[in-house]
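> Mind having a look at this structure? Questions to follow.
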Amino acid sequence: MNPNADNHDIGYDQGVLGGLIARPRFLSDNHIRPDNADLQGTIVAIYDIGCLVGCFICAAVGQKLGRRIFIVIGGVLLCIGAGLQAGSRGTSYLIAGRVVGGIGNGLETTFVPIWVAETSKASGRGALIATQLTIVILGLTIAYWFDYGMINNHPSSSAQWRLPLAFQVIFILATWASIFFLPESPRYLYAQGHQEDADSVMARVYKVSVDDPLVAAHRQDVLAALEAEKEMKFGIKDLFFDKSPVNTSWRIWLGVLVQFFQQMDGNNIVSYYATYLFINSCGMSQNQAAITSGGVTLLFLGGTASTIYTVERWGRRPVMLYGAMLCSLWMILFTIGLAVNTNGSLKLAVVSIFLFEFFFGASWCPLPWIYVPEISPLHVRHIGTSFGVATQWLITFIVSSRTSSRPL
């Protein structure tokens, strides 16, 4: 009964334009010069600025409405953004659609992890959020292969890029069809005084009767946190001068740092520009590079799926530690392979990219999304998660936009 229904559209929306932005038909239909790398990079990366805005909206008003309502609003914005992009006849439509869709995605990527965390047993929370991230990566994989199929089967038609962009709406419709059959966050219900409804949700989560001690204990914990929220008002100045006994500001900044390091490990360069790397650095043809990049996405998906098993058995920090070491190893070997620049070393570079993506998926891809909501005190969970996710989108924008304007 946990709310992972709308994660296909999060991943698909993030990845769909990456496979289309350099296609001749897409560029000509939108009056973009093929040599204008700055504009192409801006169109791709401006989505992340929209996501950043969505995160700040969540931080400011995240307690005003239920989790489901914000996710529905995010879906509306994603639909509008998809429509603007699919019907685009110039860069103004594309940029507007990317920003509007990005705001919707910012709402989704902030509230879905919170919603999953608040409707889960503590013992299975990590595995459920890891499942959510696996579905996100599945959406990215679907986007890549859909783009590839449309480009190869409709090389001269506008449908090669309009249909993949419009297809985003299918996942959103699926979300709307299921979302109100799923429970609202019990924490939100307790905060609004709907104690019976909240108890009913928790009884369903634990698969016990409403009067079971497990439900009573959970209710007591949440109500205590809500009382603490009233006593410990958290404002902007508390981000820098917090003296609360639970170190609220440090926990929020720790979440920001975790998301920062996740985005600075080089994964986005591989994800956004793998085809370019394989063509220009590894000597592959366009079709070879496209197929190889598709293989990278599949291995990435497999690595992320492995965390559903490892995160509850090995713990959060051990998975991140071994992931950091192995990702560093394969990125170093990739760099050496390119620098030596022989036939054998280039093969090493390709293998290293595959293994880097697998181990990134098996560690740092999903773990920050699990760790950040868990370390945030309950009364500021929406703020801590919003700031962490906002950091992710800001660094993604910086990396993707600056890389696009420079040869790799």
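The values are calculated or read from the model by the stated rules, or taken from the named source; none is laboratory data. Model, not experiment: these values are computed from the prediction. Note that each Cβ is placed from the backbone with ideal geometry, even for glycine, and that neighbours are counted across all protein chains shown.
> Looking at the stretch 64-99, which of its residues are assigned to a helix (DSSP H, G or I) and among the polar types (S, T, N, Q)? Lay out the reasoning, then the answer.
Residues of the stretch 64-99 that are assigned to a helix (DSSP H, G or I), as a first pass: 67-86, 91-99.
Within the stretch 64-99, GLN85, THR91, SER92 meet the criteria.
> Then there is this: I need the helices (runs of 4 or more DSSP H) fully contained in the stretch 301-404, keeping only those with at least 2 residues that are of a type in the set (Lys, Arg). First the steps, then the outcome.
Values: elements: 316-340, 343-361, 367-375, 381-404.
It comes to 316-340, 381-404.
> Any residue at all in the stretch 88-107 that is modelled with pLDDT under 85 and touching a helix residue (DSSP H, G or I) at 6+ places or on another chain (Cβ under 6 Å)?
Step one: filter the stretch 88-107 for residues modelled with pLDDT under 85, giving none.
Looking for residues that are modelled with pLDDT under 85 and touching a helix residue (DSSP H, G or I) at 6+ places or on another chain (Cβ under 6 Å), one finds none in the stretch 88-107, hence no.
> If you scan the stretch 164-198, which residues turn out to be assigned to a helix (DSSP H, G or I), among the small types (Gly, Ala, Ser) and surrounded by 18 or more Cβ atoms within 10 Å (Cβ to Cβ)? Before the answer, list the steps.
Applying the first criterion (assigned to a helix (DSSP H, G or I)) to the stretch 164-198 yields 164-166, 168-179, 186-191, 195-198.
Add one more test, that the residue is among the small types (Gly, Ala, Ser), and what stays is 166, 174, 177-178, 191, 198.
If the condition is that a residue be assigned to a helix (DSSP H, G or I), among the small types (Gly, Ala, Ser) and surrounded by 18 or more Cβ atoms within 10 Å (Cβ to Cβ), then ALA191, ALA198 are the ones that fit.
> Have a look at SER363, SER352 and point out the one that is surrounded by 18 or more Cβ atoms within 10 Å (Cβ to Cβ), under 17 Å from THR134 (Cα atoms) and at pLDDT 80 or above. First the steps, then the outcome.
Details: SER352 fails: under 17 Å from THR134 (Cα atoms).
Exactly one residue qualifies, and that residue is SER363.
> Please work out which one of (1) in a helix (DSSP H, G or I); (2) within 28 Å of the chain's Cα centre (by Cα) is the condition ALA217 fails and give its number.
Unmet for ALA217, out of (1) in a helix (DSSP H, G or I); (2) within 28 Å of the chain's Cα centre (by Cα): (2).
> If a residue must be surrounded by fewer than 23 Cβ atoms within 10 Å (Cβ to Cβ) and either closer than 13 Å to VAL201 by Cα or hydrophobic (A, V, I, L, M, F, W, C) (or both), how many such residues does the stretch 101-125 contain? Quick ask: steps written out before the conclusion?
Let us first name the residues in the stretch 101-125 that are surrounded by fewer than 23 Cβ atoms within 10 Å (Cβ to Cβ), namely 120-125.
The next check asks that each one be either closer than 13 Å to VAL201 by Cα or hydrophobic (A, V, I, L, M, F, W, C) (or both); those that pass are 120-122.
Result for the stretch 101-125: 3.
> Residue by residue through the stretch 293-344, note down the ones that are hydroxyl-bearing (Ser, Thr, Tyr), at pLDDT 85 or above and within 23 Å of the chain's Cα centre (by Cα).
Residues of the stretch 293-344 hydroxyl-bearing (Ser, Thr, Tyr): 293, 297, 304, 306-307, 309-310, 322, 328, 335, 342.
Among the residues that remain, those that are also at pLDDT 85 or above are: 297, 304, 306-307, 309-310, 322, 328, 335, 342.
Correct list: THR297, THR304, SER306, THR307, TYR309, THR310, TYR322, SER328.
> Let me ask you something else. Mind checking which residues of the stretch 282-300 are outside any helix (DSSP H, G or I) and surrounded by fewer than 17 Cβ atoms within 10 Å (Cβ to Cβ)?
As a first pass, look at the stretch 282-300 and keep what is outside any helix (DSSP H, G or I): 282-285.
Across the stretch 282-300, the qualifying residues are GLY283, SER285.
> Is there a residue in the stretch 199-213 that is part of a loop (DSSP other than H, G, I, E, B), at pLDDT 85 or above and of a type in the set (Gly, Ala, Ser)?
Scanning the stretch 199-213 turns up at least one residue that is part of a loop (DSSP other than H, G, I, E, B), at pLDDT 85 or above and of a type in the set (Gly, Ala, Ser).
> Only residues in the stretch 31-57 that are farther than 19 Å from PHE70 by Cβ and among the acidic types (Asp, Glu) count as the first member; pair them with residues that are surrounded by fewer than 18 Cβ atoms within 10 Å (Cβ to Cβ) and at pLDDT below 80, Cβ under 7 angstrom, at least 6 apart or cross-chain, and list the lot.
Within 7 Å, the pairs are ASP38/SER405.
> Something else now. Which pairs turn up if I take residues in the stretch 146-168 that are free of Cβ contacts under 8 Å to residues at least 12 places away in the same chain and look for partners that are surrounded by fewer than 17 Cβ atoms within 10 Å (Cβ to Cβ) and not in a helix (DSSP H, G or I) with beta carbon separation below 6 Å, at least 6 apart in sequence or on another chain?
Once the first residue is free of Cβ contacts under 8 Å to residues at least 12 places away in the same chain and sits in the stretch 146-168, no partner that is surrounded by fewer than 17 Cβ atoms within 10 Å (Cβ to Cβ) and not in a helix (DSSP H, G or I) comes close enough.
> Which ones in the stretch 345-394 are of a type in the set (A, V, I, L, M) and within 19 Å of the chain's Cα centre (by Cα)? Working first, answer last.
Within the stretch 345-394, the subset of a type in the set (A, V, I, L, M) is 346, 348-351, 353, 355, 362, 367, 370, 372, 375, 378, 380, 383, 389-390, 394.
ALA362, LEU367, ILE370, VAL372, ILE375, ILE383, VAL389, ALA390, LEU394, listed by residue number.
> State whether the residues of the stretch 4-25 include one that is of a type outside the set (Asp, Glu), out of contact with any strand residue (DSSP E or B) (no Cβ under 9 Å at 6 or more places or on another chain), at pLDDT 85 or above and assigned to a helix (DSSP H, G or I).
Here is the first cut: in the stretch 4-25, the ones of a type outside the set (Asp, Glu) are 4-5, 7-8, 10-12, 14-25.
When the remaining residues are screened for being out of contact with any strand residue (DSSP E or B) (no Cβ under 9 Å at 6 or more places or on another chain), the result is 4-5, 7-8, 10-12, 14-25.
Applying the additional criterion that residues be at pLDDT 85 or above yields 25.
Adding the requirement that they be assigned to a helix (DSSP H, G or I) leaves 25.
There is at least one residue in the stretch 4-25 that is of a type outside the set (Asp, Glu), out of contact with any strand residue (DSSP E or B) (no Cβ under 9 Å at 6 or more places or on another chain), at pLDDT 85 or above and assigned to a helix (DSSP H, G or I).
> Filtering the stretch 26-38 down to residues that are assigned to a helix (DSSP H, G or I) and at pLDDT below 85, which residue is surrounded by the most Cβ atoms within 10 Å (Cβ to Cβ)?
ALA37
> Yes or no: the stretch 316-330 includes at least one residue that is closer than 30 Å to GLN63 by Cα and surrounded by fewer than 16 Cβ atoms within 10 Å (Cβ to Cβ).
To start, the set of residues in the stretch 316-330 that are closer than 30 Å to GLN63 by Cα comprises 316-317.
Remaining after also requiring surrounded by fewer than 16 Cβ atoms within 10 Å (Cβ to Cβ): 317.
Yes, some residue in the stretch 316-330 is closer than 30 Å to GLN63 by Cα and surrounded by fewer than 16 Cβ atoms within 10 Å (Cβ to Cβ).
> Let me ask something additional. Which pairs do you get when a residue that is closer than 15 Å to ALA60 by Cβ, found in the stretch 371-383, comes within reach of a residue that is modelled with pLDDT of 75 or more and in a loop (DSSP other than H, G, I, E, B), reach meaning Cβ atoms under 8 angstrom, with the pair 6+ apart or on two chains?
Taking only residues 6 or more apart or on different chains, the pairs are ILE383/SER376.
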